[in-house]
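Okay, structure first, notes after.
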Amino acid sequence: MNDERPVRIDTLDSLREHLQWAIELEHATLPPYLTTLYSLDPERNPAAVELVSGVFVEEMLHLALAANLLNAVGGTPRLDMPEMLPPHPRKLPHSDLELSLVAFGPEALEMFLRLEQPAAPGAPPEDEGYETIGQFYAAIEQGLRYLCATLGEKEVFCGDPARQVYGARFRHTAGALFAVEDLESALGALREIVEQGEGNAGGDVWDGDQDVLHPEREEVAHYYRFQELKLGRRYQRGDTPKSGPTGEQVGVDPDGVVPMTPNPRPAEPGSAVRAAQDLFDTSYSTLLNQLEQAFNGDPKRLMDAVRTMFTLRAQAQALMALPGGAGPSFAYVSPEARG
């Protein structure tokens, strides 16, 4: 990563603040990905479901790695708070990139391509107001290297190792959730996050892992997976960002997409739609609590969070089957209102 720009993250407190922002950034991608995924009929659009669900699972992995990074430097990951779920459309934290809740289609694909866009060669690290997620993580890497050089690794990596979450298997990805305990493992976590999103540092379309669902080929980075859906073809060996995908066709059946009003608002109190939205929102807020507990010393709660994900899917499908383009609004429900 380029680090010629003056270091902006030059204190441990600033590093912890930015790693909490990383958690908020990774979480902010989840509602848009989930909404688009829920809108797809898996029987009529299996390829699209596979691609979008694979990206979502890896964003969950990135969230967990960001929490491990924050814990490693003595911070406290926070997820169960209203600020995590502002109304959509919203901005990606500390950026101008806009996120919306929309059904699968051209608008969703363009949003995801913008979100996962690779940083331009030589693009500077940006600790705030970043244009690409890669530049934000480059600023964190720059800060980590600077603080380790000036304070020493032991001073920087002062967190309780027992708070690290690792070893969990994430379906649909070869990516690994591992403990962060020193500069080497911290840089590995940053590399995993960035390369799964935008491809490896060589400008390839691949993220460096084997494709779990298709072991005969390498795994395509998120940005290029959305290009596959946009252009209707898979990448194959020998393809480059310039050539585009030249492999087998990827079809999308528009009749296998549930119509949904973009950026749904909470419906009228007492309506069937509102009851279904409230049920979903309560489950999603519970998920945030389970993740927060998992990252704060109770790692077994990660399995509770996985079970909640299955509940959310069923609740979202029931909600989106209601008339009138109903969809989840991802509104925060306070702990005392969760029942």
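Once the C-beta distance of residue 246 and residue 96 is scaled by a Förster radius of 30 Å, the resulting FRET efficiency is 0.35 to the nearest 0.05.
Here region 243-261 is scanned for amide nitrogen atoms under 20 Å from the site 7 Å beyond the Cα of residue 107 along Cα-to-Cβ, giving 252-261.
The dipole here belongs to the chain: it is taken about the Cα centre, uses +1 on the Cβ of Lys and Arg and -1 on the Cβ of Asp and Glu, and is about 740 debye. With both labels modelled 7 Å from their Cα along Cα-to-Cβ, the residue 265 to residue 114 distance reads 2.2 nm. Taken along the Cα-to-beta-carbon direction at a fixed 7 Å, the label points for residue 187 and residue 322 span 5.2 nm. Projecting the Cα atoms of 54, 143, 71 onto the charge dipole of the chain, computed from C-beta unit charges around the Cα centre, puts 54 farthest toward the positive end.
In plain terms, the chain from residue 274 to residue 337 could stretch by 21.2 nm, reckoned as 0.36 nm per residue minus the Cα-Cα distance. Straightening the chain between residue 153 and residue 237 buys 26.2 nm, computed as 0.36 nm per residue apart minus the Cα-Cα spacing. Summarise the accessible area of the chain (1.4 Å probe, protein heavy atoms) by the percent that is carbon and sulfur. On the chain, the fraction of accessible area on carbon and sulfur atoms equals 51 percent. Using a probe of 1.4 angstrom and keeping all protein chains present, the accessible surface of the chain works out to 43 square angstrom per residue. Here the peptides 84-94, 107-117 are ranked by packing, the mean other Cβ count within 10 Å, and the order with the highest first is 107-117, 84-94.
For residue 160 and residue 255, the FRET efficiency from 1/(1 + (r/R0)^6), where r spans their Cβ atoms and R0 equals 45 Å, is about 0.30.
The values are calculated or read from the model by the stated rules, or taken from the named source; none is laboratory data. Small disclaimer: the values here were computed from a predicted structure and weren't measured. Methodologically, a virtual Cβ is constructed for each residue, glycine included, from the backbone with ideal geometry; neighbour enumeration extends over all protein chains shown. With ligands, DNA and RNA removed, areas are computed over all heavy atoms of the protein, side chains included. Shrake-Rupley method; radii C 1.70, N 1.55, O 1.52, S 1.80 Å.
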